[in-house]
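> Let me begin by handing over the structure; questions about it come next.
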Amino acid sequence: MLNSALYRSFLIAPANRLDMLLKFHRFAPDVGVIDLEDGTPLNEKESARDTAVQAAEQLASTSGPTRIFVRTNAPGTVWIDDDLEAVAKAPIAGIVIPKLGTTRQIVEIERRLRALEVQNSRPPMEIILGIESVSGVHNIVDIAAHSTRACAVYFGAEDYTTDLLGYRTTDGEEVLYARSRVAIAARLSSIAAFDTATLEIRDDDRFRHEARQGRNLGYQGRICVHPRQVELSHEIFSPSEEEVDRSTRLLAANDASLAKGIAVCEFEGQMIDGPLVKRAQHIVALATRYKQSTTGA
Amino acid sequence: MLNSALYRSFLIAPANRLDMLLKFHRFAPDVGVIDLEDGTPLNEKESARDTAVQAAEQLASTSGPTRIFVRTNAPGTVWIDDDLEAVAKAPIAGIVIPKLGTTRQIVEIERRLRALEVQNSRPPMEIILGIESVSGVHNIVDIAAHSTRACAVYFGAEDYTTDLLGYRTTDGEEVLYARSRVAIAARLSSIAAFDTATLEIRDDDRFRHEARQGRNLGYQGRICVHPRQVELSHEIFSPSEEEVDRSTRLLAANDASLAKGIAVCEFEGQMIDGPLVKRAQHIVALATRYKQSTTGA
Amino acid sequence: MLNSALYRSFLIAPANRLDMLLKFHRFAPDVGVIDLEDGTPLNEKESARDTAVQAAEQLASTSGPTRIFVRTNAPGTVWIDDDLEAVAKAPIAGIVIPKLGTTRQIVEIERRLRALEVQNSRPPMEIILGIESVSGVHNIVDIAAHSTRACAVYFGAEDYTTDLLGYRTTDGEEVLYARSRVAIAARLSSIAAFDTATLEIRDDDRFRHEARQGRNLGYQGRICVHPRQVELSHEIFSPSEEEVDRSTRLLAANDASLAKGIAVCEFEGQMIDGPLVKRAQHIVALATRYKQSTTGA
């Protein structure tokens, strides 16, 4: 990751629902997103901007670990320019751009953001890239490479599958190509990756299953469409006690082996060397870091 | 889709089998393909062209919903030039080019087709791109982008896997990357996508299973290697009653929610907004369209 | 494949373990790899070069079917230049370059090899490309296309998944995209592909399962991290008796059908034509070739 920020959860709520937005700090997602796009009805697109700014200001005055972002409407819509202008006045960490499809879109948006930052004498805003269309999936490597301020990307499986004219299944085979590709692009640009949402908000087993899939594929966290999913996401994306224990034992076995001049050794039935040692170190470091963030919260 | 044509089924029969070809209208696939390539033995490659033209003429004089295409031999073979010249005289909707591997091939074929259309004073022929080699899968996005008259693409898993030196399984994991990629390329160029065939012609459960997989992945229909598969294909690629019912209820719930100024609502356990609403609209529209085509047939 | 060499097994052992290296001919892998990279501890990186050369010389003087390669340290490390210089003096078939990420790396290494070959008046060395990073997977098509002497590529799932910040599962869904992509790139450049290793060295069922997956995906063999895996690998990557029998029957049925002027016929429940006939021919040829190699050994 480029910086020390956390990316386990991306809790999103509609920009026209001030009551919901003001609860962000209570649920403490790593990223809280005020949604001007699909979450906001067409006839409130303008008024919701004011609510978004108001929410951002109130959230900024409260202490809490959550970094606040605003999701604007998509490139090419009649709303995005005014969205950017409005939110550039708010004390937010950055913006989320949904339905990105081309490098040109991200380049133009970043040019606009620089101008707005100068105009408002404000610190730079980060960007979370929204990839949820067929062209977005196709172009994500270039889109991420052209961004100078992306800290993360999210993969939106529902919009993607609708755009593909496909259908969703519980095992997600229909998005494996796209979901893999977005995670790969994130790593190529050293940014974090948020996995798609689980819409079945009362089905914790399904959330856990899908979150584990995303974690295996290289995602650091997930979109949460309900506050109860934040805790589940932090649970799944943190190394388990069992993983930390095994990693600790593996590192000890590797050290003992190296002391004998042997770089590849058998450990609990597995031949281990370079990559497994690095993964174990990563797991232990991640567990420490996430534990500190919980204690600190 | 670019036009109002249907793409649920692509029934293919050998060009040297006039008896089989003349039954196309009875089975009423959306697309009927007269096959000069793998379906025609080497020693009948020339004579089969005449049969193909004869079949096309007789089929054109019969009323029926099926659009007739001819599959020529592959680019680079000694037959393709004469194939194109012969079929350009026939009253067909278009041609199917198997084993496309490079953009150059499609560009040259389309140049040739334009010349033949002028020469024969005939209406333009559409093209269905055949992607069934490793290079075809690798280059499909560019191939589709370079075509000015492709209406669809098909993915041929058997040829592809043979070219890959791989082996076929029932779950198709070995072609998931390629099958996903072809569907994505089709959407990027706004053309239809036909999924690979099921060769086990007496195994309806297998056909249904594989057809559902293809539909989830974004395909609109399938290659049918036996007439009995046409009906199965139409069954699976049409929205089910259950899907239409749920979509109708979902749209009503969304309307009711929007009336209260809420753009994201819970519906039967799922949080729904933009993409699910669009998919429900697509399902309802598709069901209506396919029902009309059945009534009309 | 470009040449007649075999690629069913890639047995790797640390360069600082002369005892293990000298057993290569006993286990008779198709490729035996002396590992200067992850298999060699940091404090033996220099001394292991001498052991590697010594092992290569002793193995060259023994008769055996195994072709000997040396895996150098990765591009960009402080060791690779001296590795190349040292191994160019040894009687090896070629080198294995781990963690390739860019075309530039392979171009520079090949330039260096040409110079070393002139300097040592030795025959050209082949290269096995090691793809086991996110950038390697992303760039593999170009890397393979830029290589003038690659005979094969290997996919390393453990390093890849660690680089991706992902986690390994038994079904390997998290590497399906990458594993598919590497096999495709190998075919595009007409080189062989070695599948990733199974680290659970006592779990033969798991090895067989993963080896079958790799074979389906287009791999010709596997990395073996323990001698016992060589035999398993040859077992799985050779056509089974059942496959050879079925292929022989299929070819006979196809011939009988062609004699009647029919190029597509039903065979044991399947509609068969071009691709299935080619695959059957490939299976029969492969079985003959592998049987000869066993008899010859």
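The values are calculated or read from the model by the stated rules, or taken from the named source; none is laboratory data. This is a predicted model, so every value here is computed, not measured. Positions of Cβ are backbone-derived with ideal geometry, glycine not excepted, and every protein chain shown enters the neighbour counts. These accessible areas exclude ligands, DNA and RNA; they are computed on the full protein's heavy atoms, side chains included. Shrake-Rupley method; radii C 1.70, N 1.55, O 1.52, S 1.80 Å.
> Mind listing just one residue for me: the one in segment B:88-103 that is in contact with a Gly (Cβ under 8 Å, 6 or more places away or on another chain) and within 14 Å of chain C (Cβ to nearest Cβ) and, of those, farthest from B:TYR154 (Cα to Cα)?
B:GLY101
> Can you tell me which condition C:ASP203 does not meet? The list is (1) without any contact (Cβ under 8 Å) to a residue 24 or more places away in the chain; (2) in contact with a Ser or Thr (Cβ under 9 Å, 6 or more places away or on another chain), and all the others hold.
If we test C:ASP203 against (1) without any contact (Cβ under 8 Å) to a residue 24 or more places away in the chain; (2) in contact with a Ser or Thr (Cβ under 9 Å, 6 or more places away or on another chain), just (2) comes out false.
> Which one of B:VAL137, B:VAL118, B:VAL141 is surrounded by fewer than 24 Cβ atoms within 10 Å (Cβ to Cβ), in a helix (DSSP H, G or I) and in contact (Cβ under 8 Å) with a residue 24 or more places away in the chain?
So the residue among B:VAL137, B:VAL118, B:VAL141 that is surrounded by fewer than 24 Cβ atoms within 10 Å (Cβ to Cβ), in a helix (DSSP H, G or I) and in contact (Cβ under 8 Å) with a residue 24 or more places away in the chain is B:VAL141.
> Quick one: count up the residues across segment C:89-108 that are open to solvent by 10 Å² or more (accessible area, probe 1.4 Å) and either assigned to a helix (DSSP H, G or I) or not assigned by TED's automatic domain parsing to the domain that holds C:LEU22 (or both).
The number of residues fulfilling the criteria is 5.
> On to the next question. Among the residues of segment C:265-281, write down those that are open to solvent by 30 Å² or more (accessible area, probe 1.4 Å), more than 7 Å from every other protein chain (Cβ to nearest Cβ) and assigned to a helix (DSSP H, G or I).
Of everything in segment C:265-281, just one residue is open to solvent by 30 Å² or more (accessible area, probe 1.4 Å), more than 7 Å from every other protein chain (Cβ to nearest Cβ) and assigned to a helix (DSSP H, G or I), namely C:GLN281.
> Which count do you get for residues in segment B:50-82 that are closer than 13 Å to B:LEU36 by Cβ and either acidic (Asp, Glu) or outside the structural domain of B:GLU37 (by TED's automatic domain parsing) (or both)?
Number of matching residues: 3.
> Moving to a separate point now. I'd like to check something: does segment B:48-55 contain any residue that is assigned to a loop (DSSP other than H, G, I, E, B), of a type outside the set (A, V, I, L, M), touching a helix residue (DSSP H, G or I) at 6+ places or on another chain (Cβ under 8 Å) and in contact (Cβ under 8 Å) with a residue 12 or more places away in the chain?
Checking segment B:48-55: not a single residue is assigned to a loop (DSSP other than H, G, I, E, B), of a type outside the set (A, V, I, L, M), touching a helix residue (DSSP H, G or I) at 6+ places or on another chain (Cβ under 8 Å) and in contact (Cβ under 8 Å) with a residue 12 or more places away in the chain.
> Answer yes or no as to whether A:VAL175 is within 30 Å of B:LEU250 (Cα to Cα), under 15 Å from the mean Cα position of the chain (by Cα) and hydrophobic (A, V, I, L, M, F, W, C). Spell out how you get there, then give the answer.
Values: within 30 Å of B:LEU250 (Cα to Cα): yes; under 15 Å from the mean Cα position of the chain (by Cα): no; hydrophobic (A, V, I, L, M, F, W, C): yes.
In short, no.
> Which condition breaks for A:ILE106 when tested against (1) within 14 Å of chain B (Cβ to nearest Cβ); (2) touching a His at 6+ places or on another chain (Cβ under 7 Å)?
(1)
> How many residues does segment B:25-58 contain that are within 18 Å of the chain's Cα centre (by Cα), open to solvent by 20 Å² or more (accessible area, probe 1.4 Å) and within 14 Å of another protein chain (Cβ to nearest Cβ)?
Going residue by residue through segment B:25-58, those that are within 18 Å of the chain's Cα centre (by Cα) are B:25, B:27-39.
Still in the list and also open to solvent by 20 Å² or more (accessible area, probe 1.4 Å): B:25, B:27-28, B:38.
Narrowing further to those that are within 14 Å of another protein chain (Cβ to nearest Cβ): B:38.
So the answer is 1.
Residue-by-condition table, conditions (1) farther than 20 Å from C:GLU173 by Cβ; (2) surrounded by fewer than 24 Cβ atoms within 10 Å (Cβ to Cβ); (3) in the same structural domain as A:ARG111 (by TED's automatic domain parsing):
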residue: A:TYR167; (1), (2), (3): no, yes, yes
residue: A:ASP171; (1), (2), (3): no, yes, yes
residue: A:ALA178; (1), (2), (3): no, no, yes
residue: A:ALA185; (1), (2), (3): no, no, yes
residue: A:LEU188; (1), (2), (3): yes, yes, yes
residue: A:ARG202; (1), (2), (3): yes, yes, yes
residue: A:ARG206; (1), (2), (3): no, yes, yes
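> Specify the residue that is farthest from A:LYS278 (Cα to Cα); the eligible residues are those in segment C:120-142 that are hydrophobic (A, V, I, L, M, F, W, C) and away from every other protein chain (no Cβ under 14 Å).
Applying the filter and picking the extreme gives C:MET125.
> Please indicate, with yes or no, whether at least one residue in segment A:13-27 is under 16 Å from A:GLY156 (Cα atoms), assigned by TED's automatic domain parsing to the domain that holds A:ALA193 and either touching a residue at least 40 places away in the same chain (Cβ under 8 Å) or of a type in the set (A, V, I, L, M) (or both).
Checking segment A:13-27: at least one residue is under 16 Å from A:GLY156 (Cα atoms), assigned by TED's automatic domain parsing to the domain that holds A:ALA193 and either touching a residue at least 40 places away in the same chain (Cβ under 8 Å) or of a type in the set (A, V, I, L, M) (or both).
> Something else about it: So for segment C:59-67 (the condition being surrounded by fewer than 17 Cβ atoms within 10 Å (Cβ to Cβ) and modelled with pLDDT of 95 or more), does at least one residue qualify?
No, every residue in segment C:59-67 fails to be surrounded by fewer than 17 Cβ atoms within 10 Å (Cβ to Cβ) and modelled with pLDDT of 95 or more.
> Take the conditions closer than 18 Å to B:PRO227 by Cα, within 22 Å of the chain's Cα centre (by Cα), surrounded by 24 or more Cβ atoms within 10 Å (Cβ to Cβ) and within 14 Å of chain C (Cβ to nearest Cβ) and apply them to B:PRO14. Does it pass?
Against the criterion (closer than 18 Å to B:PRO227 by Cα, within 22 Å of the chain's Cα centre (by Cα), surrounded by 24 or more Cβ atoms within 10 Å (Cβ to Cβ) and within 14 Å of chain C (Cβ to nearest Cβ)), B:PRO14 qualifies.
> Could you count how many residues in segment A:1-37 are touching an Asp or Glu at 6+ places or on another chain (Cβ under 6 Å), more than 20 Å from A:ASP83 (Cβ to Cβ) and outside any loop (DSSP other than H, G, I, E, B)?
Looking only at that region, the number is 1.
> Sticking with this one: If the Cβ limit is 6 Å and pairs must be 6+ apart or interchain, which residue in segment A:75-100 that is more than 25 Å from B:PRO275 (Cβ to Cβ) pairs with which residue that is assigned to a loop (DSSP other than H, G, I, E, B)?
Close Cβ pairs satisfying both conditions: A:ALA88/A:ASN120; A:LYS89/A:ASN120.
> If A:GLY76 meets every condition in (1) farther than 25 Å from A:LEU18 by Cα; (2) out of contact with any helix residue (DSSP H, G or I) (no Cβ under 9 Å at 6 or more places or on another chain) apart from one, which number is that one?
(2)
> A further question follows. Wholly within segment C:147-264, which strands (runs of 3 or more DSSP E) include no fewer than the required count, namely at least 2 residues that are within 10 Å of another protein chain (Cβ to nearest Cβ)? I'd like the intermediate steps shown before the answer.
Numbers: elements: C:150-155, C:192-195, C:221-224.
Passing ranges, in order: C:192-195.
> Do we have B:ILE262 as at negative phi, of a type in the set (Val, Ile, Thr) and touching an Asp or Glu at 6+ places or on another chain (Cβ under 8 Å) here?
For B:ILE262, the condition - at negative phi, of a type in the set (Val, Ile, Thr) and touching an Asp or Glu at 6+ places or on another chain (Cβ under 8 Å) - is not met.
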